[in-house]
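The values are calculated or read from the model by the stated rules, or taken from the named source; none is laboratory data. Note that the coordinates shown come from a computational prediction; the quantities given were computed from them, not determined experimentally. Here the Cβ is made from the backbone with ideal geometry for all residues, glycine too, and neighbour counts use every protein chain on show.
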Amino acid sequence: MSNPNFNSNFNLFPISCPVGSIIAFAGKIGNSSDSNEPFTTQPIEAFGWMVCDGSALNASQYPELYVVLGNLYGGSGNTFNLPDLRGQFLRGIGEDNASTENRTAAPNGEVNGVGSTQTDALQTHVHTYDEPAGAAPGDSGPAFAAIKPDVLTGIPTNEPSQPTVKVSQFESRPTNVFVNYLIKFTYQLPRGFTGPNTESES
């Protein structure tokens, strides 16, 4: 029995995501090759998506995406580049100080515009410590030490337990999960695709 809610023309499918849209893809993508083709596999590209790996593309072969990106992420003449989002977090454009400080423009973009990047940073903060209290001697009798003499033995103490906060020499980061960022490059349906099978056994 056919589905009365199914549009056989499937007109909405190609424009469900505008060209230039980026999604997080949780599946594996094939290994990169030495060719000039984008780092992708045929099943992904057949549905109009490719990996955001900074690849250089021919503008005449990907006209819909070129209209959106132009040379924002690099390229000139007949070529343009995909955004390279490997190892990156995405952040919405903002005007606050935290969003705009230390930003670098995309190859052909604006400092605070789309495609700009920002280096990692640790927010300014302070720590407070208790000041050790001394003991003033009286007019007569023994004076009291500010620190117990038997504590300062000169003998190394046992190694302290490992801190609960991990320290990295490379970056400051939140907990994260790896995904593949894909970009939509065409509105065309995959070749031979006519929509989902809506026939069911009676």
Within the range 143-150, is even one residue among the aromatic types (Phe, Trp, Tyr), loosely packed, with under 10 Cβ neighbours inside 10 Å and at pLDDT below 85?
no
Does Gly74 satisfy the criteria of being over 20 Å from Ala24 (Cβ atoms), at pLDDT 95 or above and either surrounded by 13 or more Cβ atoms within 10 Å (Cβ to Cβ) or in contact with a Ser or Thr (Cβ under 9 Å, 6 or more places away or on another chain) (or both)?
yes
It is to be established whether one or more residues within the range 79-93 are without any contact (Cβ under 8 Å) to a residue 24 or more places away in the chain, more than 18 Å from the chain's Cα centre (by Cα) and loosely packed, with under 14 Cβ neighbours inside 10 Å.
no
Residues of the range 102-122 being in contact (Cβ under 8 Å) with a residue 24 or more places away in the chain and either polar (S, T, N, Q) or in contact with a strand residue (DSSP E or B) (Cβ under 8 Å, 6 or more places away or on another chain) (or both), which ones?
Ala106, Pro107, Asn108, Thr117, Gln118
Residue that is nearest to Tyr181 (Cα to Cα), among those in the range 85-105 that are of a type in the set (S, T, N, Q) and in a loop (DSSP other than H, G, I, E, B):
Gln88
Of everything in the range 32-60, what is of a type outside the set (Ser, Thr, Tyr), at pLDDT below 70 and in a loop (DSSP other than H, G, I, E, B)? Give them in sequence order.
Asp34, Asn36, Glu37, Pro38, Phe39
Given the structure, is Ile29 buried (at least 16 other Cβ atoms within 10 Å of the Cβ), modelled with pLDDT under 90 and hydrophobic (A, V, I, L, M, F, W, C)?
yes
Has the range 47-65 got at least one residue that is of a type in the set (Asp, Glu), crowded, with 17+ Cβ neighbours inside 10 Å and in contact with a Lys or Arg (Cβ under 7 Å, 6 or more places away or on another chain)?
yes
Consider Phe6 against the criteria (1) in contact with a helix residue (DSSP H, G or I) (Cβ under 8 Å, 6 or more places away or on another chain); (2) at pLDDT below 85: it satisfies all of them except one. Which criterion is unmet?
(1)
